[in-house]
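Peer 1: Dumping the structure here so I can ask a few things about it.
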Amino acid sequence: MKNTRQITEAGLFAAILVIFIIGSFYIPVIGGAIFFIAPLPVIILSIRNTALNVVVSCIVSALLSSLLVSFSFGFSVGMLALGIGLPMGLAIKRFEPPLKAMAIGTLGAFVALILIFGLMNFILGISTEQTIDEMFSMSKDIQAEIDKTIESYSTTLSPEQQTQIKMALGDSSETMDNMVELLKLLMPASLLLMSISLAMVNYRVSISFLKRLKMAHRPLGSFTTFTYPKHMAYGSAGMLLGAYVLGSMGVVDMTTAMLNFIYLFIMIFYIQGLAVGYFFLRRSISKGVSITILVLVSLLGLINYIALIGFMDVLLDVRRLQPKKR
């Protein structure tokens, strides 16, 4: 009787995941949000059911959805949902600390992304660099048409104005090429940050659903007391130093290594810096105003400074708190 219930439940959640995959493919704008929380039904199923049923459910969902969307999309989202949902669901089921559960989900997402890119390259012959080039090819074509149109009208202008326009057009094309090259250089860090984002979003959303479903889980805690373990600051500084030393010795490309580690360092400790700012702002103003101020400060290009504050908080406990380990 129990096995029948579990199989039925697995089938139901498989259908929900199919809806998520199809919705993320066909629905404009909202589809992006649906894509991000696609692992949610897998997380809940992992808490309620067996690991084997979860794996079978995700495989069936990926295959069924591939009939209604492209194979690469259905397969990718299905495997990504499995990579995040199963390990994170099991971590929540074992009442692991939130930060550890998110770290487990991040690792699962990163492994899933690497496998997806590898299999796409093996099956379809599409490399990561080709994917990036295709992403920007349409933008380049549009930019080229705009450049031609502007050039055709520039003949009526003075030589000085024509020179200025040519310089501007050259800069726009060069900027686009630089963006493509930078994205390629930052691909390892970008994949890891995407994995972190997926894990954090799905953990936060799943906790809200678990509360509504009255399922046992470990409380998330307040963002004002969020903090990384102190050894994470030492480890991050050590990785930056190691990348510099290895680059100086010629073991790895210094530019690529340093760009990736600096990018990761800033983005990771930026979250800690936001927690510090939110803690001090909430002491005197409301939640909504605090969030608005932090968003505006970030949009002003001060993310690097926020990340530095976060790094110093991990080392020195700027908030003078001793929060529970997360």
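Peer 1: On the accessible surface of the range 1-78, probed at 1.4 Å, how many percent belong to carbon and sulfur atoms? Intermediate results must be reported in sequence, preceding the final value.
Peer 2: On the way: 3050 of 3840 Å².
Carbon-and-sulfur percentage of accessible area, whole number: 79.
Peer 1: With each label point set 7 Å from Cα along the Cα-Cβ vector, what nm distance links THR225 and VAL29?
Peer 2: Calculated label separation equals 3.8 nm.
Peer 1: If you don't mind, there's one more thing I want to ask. Work out, step by step, the length gained on full extension between PHE280 and ILE262: first 0.36 nm times the residue separation, then minus their alpha carbon distance; give nm to one decimal. Display every interim value, and only then the final one.
Peer 2: Numbers: separation 18, 0.36 × 18 = 6.48 nm, distance 2.66 nm.
Taking PHE280 through ILE262 to full extension adds about 3.8 nm, to one decimal.
Peer 1: Something else now. Roughly speaking, what is the stretch gain from MET232 to ASP317, that is 0.36 nm per residue apart minus the C-alpha to C-alpha distance, in nm to one decimal? Walk me through the numbers on the way to the answer.
Peer 2: Details: separation 85, 0.36 × 85 = 30.60 nm, distance 1.34 nm.
Gain in length upon complete extension: 29.3 nm.
Peer 1: Rounded, prolate or oblate, given the Cα gyration tensor of the range 2-106, with a/c below 1.5 counting as rounded? The partial results should precede the final answer.
Peer 2: On the way: a/c = 2.19, a/b = 1.28, b/c = 1.71.
It is oblate, given that a/c is not under 1.5 and a/b is not larger than b/c.
Peer 1: Using a 1.4 Å probe on the protein heavy atoms, what percent of the accessible area of the range 190-326 belongs to carbon and sulfur?
Peer 2: Details: 5570 of 8080 Å².
Summing carbon and sulfur atoms, their accessible area is 69 percent of the total for the range 190-326.
Peer 1: Name the residues of the range 1-29 whose amide N is less than 12 Å from a point 7 angstrom out from the Cα of LEU63 along the C-beta direction?
Peer 2: Once the point is set 7 Å along Cα→Cβ of LEU63, nothing inside the range 1-29 turns out to lie under 12 Å by backbone N.
Peer 1: Explain nothing, just the number: relative contact order of the range 194-326, from Cα pairs under 8 Å at least 6 residues apart, as a whole percent.
Peer 2: Details: 109 pairs, mean separation 39.3, N = 133.
Across the range 194-326, relative contact order equals 30 percent.
Peer 1: Note the full-extension length gain between THR50 and ILE293 as 0.36 nm times their separation in residues minus their Cα-Cα distance, in nm to one decimal. Don't skip to the end; give the middle numbers.
Peer 2: Values: separation 243, 0.36 × 243 = 87.48 nm, distance 4.44 nm.
Length gained, THR50 through ILE293: 83.0 nm.
Peer 1: Right, something else. Provide the per residue accessible area, probe 1.4 Å, for the range 31-108, rounded to a whole number of square angstrom.
Peer 2: Details: 2830 Å² over 78 residues.
Computed with neighbouring chains in place, this is 36 Å² per residue.
Peer 1: Specify whether the C-alpha gyration tensor of the range 61-125 places it in the rounded, prolate or oblate class, a ≥ b ≥ c being the square roots of the eigenvalues: rounded for a/c under 1.5, otherwise prolate if a/b is larger than b/c and oblate if not.
Peer 2: oblate
The values are calculated or read from the model by the stated rules, or taken from the named source; none is laboratory data. None of these values were measured; they are calculated from a predicted model. FYI the Cβ positions are ideal-geometry reconstructions off the backbone, even for glycines, and counts take in every protein chain you see. For the accessible areas, the whole protein counts, side chains as well, though only heavy atoms, and no ligand, DNA or RNA atoms are used. Shrake-Rupley method; radii C 1.70, N 1.55, O 1.52, S 1.80 Å.
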